Each structure stands twice: as C-alpha cells, then as structure tokens.
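Everything on this sheet refers to the single structure shown next.
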Amino acid sequence: MVQAFRPVSILIAALGGEGGGVLCEWLVQAATRAGHPVQGTSIPGVAQRTGATTYYAEISPLGHAELGGRRPIFSLTPVPGRVDLVVTSELLETARVLQAGHVDPDGTTLIASAARTLTTVEKMAMGDGRLDADRLQDAARQFAARFVCFDMQALAQREQTLVSAVMLGALAASGKLPFAPAHCEAAIEASGKGVAASLAGFRAGYAEVVRQLAPVPGEAGVTPTPIPLPGSAHRAHGAPLAPRLVLALERFEDPAREILEPAVARLVQYQDLRYAELYIARVDTLAALARRSGASPAEGTQLLREGARFLALWMLFDDIVRVADLKTRRSRFERVRREVAAGPGDIVHIADYFKPRLEELMGLFPEALATAALHWLSGRRWRRGFALALRVDSVAGFLMLRALASLRALRRHGLRYAQEQRRIEQWLAALGRLAPLGYAPVYELALCARLVKGYGDTNARAHENLARILETLAGPEVLAHWTDASTLAAAIRSAREAALSDPDGKALDRDIARHGAMPRPLPEHPITFIKPVRA
C-alpha cells in the first residue's frame with residue numbers, strides 16, 4: 001500500500017521580466033529528472049511596476065517507483081496556510097503574498113529578496129514615499145516559520161544573470177525540495193542559454209541561504225560587495241576635478257566634502273566649471289548663514305550637508321538637454337540590454353515616448369523672447385505640448401537626441417536657467433532673513449529645498465508650494481511677525497510636511513492659513529470654443 005503523503009507546495013512571486021516562468025520550468029525539469037511527479041502553473045497578473053507574476057508548483061515527495069504506478073492529483077492554485085515554500089524576488093511582493101495568507105507561521109519557509117522596485121504611488125509622492133523596508137521584513141519574520149532575506153538582485157547583477165537563477169539556488173538550499181541540488185544544476189545546463197552565468201547565480205543564492213539557515217560557528221560570513229565612496233563619484237563620470245575646484249573644496253570639513261565632491265563633479269558634467277564654482281559660492285553662503293544663526297559646529301555641519309545636497313539637486317534641474325543626454329548614454333543602452341537579457345548578437349529596439357510642454361521647449365530660448373512667445377501662445381491648444389515617439393536605436397533618432405544634448409551652452413542663456421537661478425537666490429535670501437532668529441528656523445527652511453523635484457506640472461507645483469512657504473513664513477516682514485525661533489521652526493516644518501503630503505497644495509494652504517495667510521488666487525484655465533460641425 002502506498003503511504004499517505006502531502007505534496008511539497010512551492011509559490012514563486014516575481015515581477016515581469018525577471019524570469020519567473022523560466023524558474024518554474026527549471027523546477028519542473030529538475031523534479032522530472034529526479035523521478036518525482038510534478039505540476040507547475042502560472043498566474044500572470046498586472047501591477048503598477050512591470051507586472052506581478054505568480055507561479056505555483058507541487059512536487060510529490062515520493063518518486064514514481066515508490067508510488068507503484070499511482071498518479072497523484074495536484075492542485076492548480078495555492079491554498080492559504082498550506083504552502084511549504086515561498087520565494088519572492090522583491091520585498092513588496094513578499095508583503096503581497098503575506099496579505100494573501102499564503103505564509104503560515106507553523107510550516108512555511110519564506111525566502112525573500114531585500115531588493116525594491118518602487119510602485120507608481122511611491123514614485124509620485126512629493127517626499128520620500130517609499131514603504132518602510134524594515135517593517136515589511138518584520139512582518140515577514142513574524143508570519144513565517146523560517147525567514148531568509150537577502151538582496152537577490154545584487155547577487156544576480158554580480159553574476160551577470162537574471163534573478164531567477166539566484167531564486168532557484170535559494171529554493172535548493174531550503175531543504176524542502178525532495179531531490180538534490182545537482183538536479184537543479186542539470187536543469188539549468190539542459191536549457192542551453194546563459195548556462196555559465198545562471199549556474200553562478202544559482203550557486204550564489206544557494207550559498208547565501210545555507211549561510212543564513214545553518215551558520216558555521218566563527219565563520220566570517222560573505223564579504224559584501226564594495227560600495228564606491230561618495231567622494232570618488234566624480235571619477236566615474238570622467239576626469240578628476242580641476243585643481244582650482246579641489247583647492248576650493250579643501251576648506252570644508254570631511255563630513256561636508258562627502259556631499260560636495262560628487263555634487264561638484266556632476267555639476268561640471270551637467271554644465272561647466274563656472275557652474276560648479278557658482279555652487280561652491282552658494283555653499284559658502286550656507287556656511288556663513290550657519291555662523292550668523294549661532295549654530296554649534298555639529299549643527300553647522302548638518303545645515304551645510306543637507307542644504308548642499310538639496311541645492312545640488314536643484315541646480316541639476318531636468319530640461320530637454322539633460323533628458324537627451326541621459327537617453328543617449330552608452331550606460332543606458334548597456335543597462336537596457338542587461339535588463340532584457342539580450343545576447344551579444346541580439347538586436348534590441350528602443351523607442352522613447354516624449355510629451356514635452358511648450359514651456360520645456362521654450363526653456364532654451366532667451367528669457368524675453370520665450371516669455372513673449374509663451375504669452376502669445378497662452379490658451380492655444382498646443383500649449384500643453386505634443387506627443388512624440390522616437391526610435392533612439394535608429395541613426396536618425398540617436399542623432400536628433402545628441403543634437404539636443406549638444407545645446408548645453410545655450411542653457412545658461414535660456415528662460416529655464418534664469419528662472420531656476422532666480423528661485424535659488426530667493427531661497428538663499430529668505431534663509432538670510434531668518435538667520436538673526438537662530439539656527440532652528442534656518443535649518444527647517446533649508447530643508448524646504450527638498451520640495452523642488454520632478455519635471456513638467458509636478459515641478460511647477462513644487463515651485464509654487466515653495467514660493468508659498470517663502471512668502472508666508474519667511475517674507476520681508478518675518479522679524480516683525482515672529483520673535484520665537486522654535487515656534488517659527490515648527491511652523492516651517494509643518495508647512496513643509498503638508499506640502500510633501502499633498503502635491504496639489506491644498507494641505508499646505510490649510511496649514512499656513514493658521515498663520516493668517518490669504519488663500520492663493522484661483523488658477524486661470526483657458527476656455528477653448530470649437531465651432532460646431534454641421535451635418
């Protein structure tokens with residue numbers, strides 16, 4: 001009589017393009033080679049990233065010989081609370097599996113990747129909209145019988161393979177599969193594609209799970225992948241900094257230089273040497289403001305680091321020149337080929353879709369000319385821009401974008417450049433007005449530069465919110481209205497958090513209304529009359 005058994009149930013949660021289907025096929029092939037009945041199914045889905053995909057497999061713990069000719073009946077879908085082994089390629093996908101109830105604290109081994117692929121909602125947030133990774137891991141640790149978590153994407157990139165190979169190694173090391181890891185390696189070899197890289201990824205995932213589940217006493221562990229120091233970032237973008245920039249940076253303390261050196265390198269690449277020197281001059285202004293506000297050395301360093309960080313991001317504003325440059329870099333083509341797992345002889349087509357607004361197109365024209373043109377075109381139907389599909393892998397498309405990227409010299413004389421520099425000076429002037437009140441309000445207002453981000457309508461709303469805070473809480477009459485530094489600092493912090501929580505600015509309006517601010521005027525919306533067509 002055949003002994004009763006329960007199949008080993010395995011749930012795979014991945015994102016589109018990560019090879020989840022290949023992983024399921026490898027698993028089925030490995031079980032078949034080992035002589036175990038197996039069934040694998042897929043449940044493709046649609047998500048806000050590249051599409052959430054779920055794969056489910058059930059493997060008989062008994063081989064065909066032990067079953068005596070009997071054929072087990074497998075389930076097509078996982079049963080909540082009855083899944084033995086769960087592996088996920090991304091941390092939020094882990095939370096999705098937890099929410100569905102597939103992880104049971106009495107018997108489920110959960111192997112998750114610490115990597116994150118941000119959702120649309122997380123990217124749209126005005127502030128840091130990322131979900132708390134520590135809370136996600138704590139929930140997984142609480143609900144799983146055994147929990148293993150490591151960055152599978154990092155291992156896959158190190159071995160130049162897809163994350164599915166690392167996930168298979170993690171499954172083989174779990175101790176839940178009824179066959180040896182050698183059968184998994186044989187399934188990879190039989191596939192005939194990217195065998196060497198896939199095997200390297202498989203062994204890396206296997207070793208990491210073995211290390212976490214059965215650590216050897218006294219073992220030093222896996223050496224982490226080296227991370228480039230912030231100060232060396234400029235070397236990755238080209239030649240070392242010019243001697244006069246190096247000399248200018250030497251007067252700053254080491255904690256501040258960790259921010260300043262890569263920022264200066266990027267600004268040189270973005271515009272030119274003179275633009276980087278303007279940034280250093282503005283950082284000098286921040287240092288002087290810290291001294292005027294009576295900040296302690298630690299507070300002064302903190303103000304300098306945070307102010308310099310957001311100032312650099314502000315000065316690296318996105319325009320059509322920068323977008324064209326980023327779209328045509330060699331590293332971008334290499335990254336796309338790596339993401340789609342293209343071989344040396346594979347042809348990859350890349351189409352970019354643009355919808356530039358009229359303000360973005362006019363941003364390179366002189367301020368007077370661009371302002372007059374925008375005023376004349378206001379209300380017309382093409383004011384909102386037009387859609388453009390461009391094959392960047394073609395000669396014509398690539399040359400068109402490179403031509404735009406070569407217009408960097410015109411940026412300094414354009415409308416957008418003038419607007420951004422004027423706004424930065426207004427922000428610095430507002431910081432100067434707050435300095436006599438003390439360090440706290442200066443620091444909180446310096447952090448308001450964090451509001452500036454995005455492009456198009458998002459960037460316009462961000463600047464409008466920042467201007468609202470500067471006008472209301474740091475205007476020319478600030479010293480007459482505010483005498484207590486802590487109260488003003490709390491008001492600025494509350495206004496900044498309100499602006500970050502609501503991109504439309506309604507929460508900000510409600511917050512600053514408590515301080516007597518007048519409602520902002522209603523925006524103008526042009527009305528377009530269309531002549532009816534007679535039948």
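Overview of results
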{"quantity": "Sole residue being surrounded by fewer than 19 Cβ atoms within 10 Å (Cβ to Cβ) and in a helix (DSSP H, G or I), chosen from 324, 290, 298", "calculated": "298"}
{"quantity": "Unique residue being within 30 Å of residue 393 (Cβ to Cβ), of a type outside the set (S, T, N, Q) and part of a helix (DSSP H, G or I) when the list is 305, 266, 257", "calculated": "266"}
{"quantity": "Positions within the range 162-175 being modelled with pLDDT of 90 or more and either within 21 Å of residue 342 (Cβ to Cβ) or assigned to a helix (DSSP H, G or I) (or both), in sequence order", "calculated": "163, 164, 165, 166, 167, 168, 169, 170, 171, 172"}
{"quantity": "Those helices (runs of 4 or more DSSP H) lying entirely in the range 1-107 with at least 2 residues at pLDDT 90 or above and not basic (Lys, Arg)", "calculated": "20-33, 91-99"}
{"quantity": "One residue from 85, 118, 131, 76 being open to solvent by 30 Å² or more (accessible area, probe 1.4 Å) and more than 16 Å from the chain's Cα centre (by Cα)", "calculated": "76"}
{"quantity": "Residue in the range 344-376 that is nearest to residue 160 (Cα to Cα), counting only those that are part of a loop (DSSP other than H, G, I, E, B) and touching a residue at least 24 places away in the same chain (Cβ under 8 Å)", "calculated": "348"}
{"quantity": "Filter pass, residue 398 being farther than 30 Å from residue 259 by Cβ, over 28 Å from the mean Cα position of the chain (by Cα) and buried (at least 17 other Cβ atoms within 10 Å of the Cβ)", "calculated": "no"}
{"quantity": "Residues of the range 125-161 classified as polar (S, T, N, Q) and assigned to a helix (DSSP H, G or I), total", "calculated": "4"}
{"quantity": "Scan of the range 513-535 for residues that are modelled with pLDDT of 85 or more and either among the basic types (Lys, Arg) or under 18 Å from residue 431 (Cβ atoms) (or both), ordered by number", "calculated": "514"}
{"quantity": "Those residues of the range 150-166 which are in contact (Cβ under 8 Å) with a residue 60 or more places away in the chain, under 21 Å from residue 103 (Cα atoms) and surrounded by fewer than 22 Cβ atoms within 10 Å (Cβ to Cβ), in sequence order", "calculated": "150"}
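Listed here are the residues, each with its yes/no results for (1) modelled with pLDDT under 95; (2) among the β-branched types (Val, Ile, Thr); (3) in contact with a His (Cβ under 7 Å, 6 or more places away or on another chain); (4) open to solvent by less than 20 Å² (accessible area, probe 1.4 Å).
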residue	(1), (2), (3), (4)
256	yes, no, no, yes
271	yes, no, no, yes
282	no, no, no, yes
294	yes, no, no, no
317	yes, no, no, yes
320	yes, yes, no, no
344	yes, no, no, no
354	yes, no, no, no
362	yes, no, no, no
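The values are calculated or read from the model by the stated rules, or taken from the named source; none is laboratory data. As the structure is a computational prediction, the values presented were derived from the model and not from experiment. Don't worry about glycine lacking a Cβ; one is built from the backbone with ideal geometry, like all the others, and counts go over all protein chains shown. These accessible areas exclude ligands, DNA and RNA; they are computed on the full protein's heavy atoms, side chains included. Shrake-Rupley method; radii C 1.70, N 1.55, O 1.52, S 1.80 Å.
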